[in-house]
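All remarks here apply to the structure that follows.
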Amino acid sequence: MAEQHGDRSHPSRIDEERAAMPGLSPKSLPRRRRIKWLGISIACVLFVVVVIGVLALTVFRFRDPELELESIAITNVSLFSQAPITSSSSSASVNLTLREEIRVRNQNWGSFKIDDSVTVLTFRGARIYKGEIANPDTRVKKRSSRREAVAIEAELINGTSYGTNNSSEVLEIGTYAYVSGKVNLLSGIKRRRSGSLNCTVSLSLATQAVQNFSCR
């Protein structure tokens, strides 16, 4: 009898719901609970879908590296004339030593490992230099950048006719940079990505300096 009395002193949850909603029949209470849990389940599923969508557009989105030519400077110029100065035109050769600094930006949430890179100089459509930007296995940390310095030695002009005042020429050269590698996300998901950059550089032989450059 004591146990029965103890049970009556503690009403069940169903009894409490019945007391709170006297207008509902006993059969409708389980149905309301099912609807409630169904709504909670749908809300949880929608939340998970939204989270996955956000991660897919941010963290798990693999981006190409961005290249930027931060600076390019002439460190040495040697001009050789291959004809007498009294002639109306001369064929000249210009040996240039340049230093360019290229920044590689990694916008991914995983490290970027460079396994192939190249920088090329062209003059009037002809390639005058080709070299590497970075050593193989160079890594760029996630959401960061790395600056690489490249020393360039090139023979700019060979057998090209100019006036006798060729030391005052402003020369237009083209530079091309390219990097390729793999983005490593969560120490297991890898995707190959690459980036490139084209620039036009104006060089003054009179001042032995870079006048300006533009990139795209």
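Throughout, read-outs are computed from the coordinates displayed, never taken from laboratory work. All of these numbers come straight from a predicted model, not from anything done at the bench. Note: ideal-geometry Cβ built from the backbone for every residue, glycine included; neighbour counts use all protein chains shown.
Size descriptors for the range 42-82 (Cα atoms only): Rg and Dmax, in that order, 25.7, 83 Å. A straight Cα-to-Cα reach below 29 Å connects Lys142 with the lysines Lys113, Lys130, Lys182, Lys190, residues fewer than 8 places away in its own chain not being considered. Between Asn135 and Asn76, the C-beta separation translates, for a Förster distance of 25 Å, into a calculated FRET efficiency of about 0.55. Annotation for Asp115 and Lys190: the two label points, set 7 Å from Cα along the Cα-Cβ direction, are 0.6 nm apart.
So the label point goes 7 Å from the Cα of Arg143 along Cα→C-beta, right? Which residues of the range 50-65 then have their backbone N under 11 Å from it? So the set is 59.
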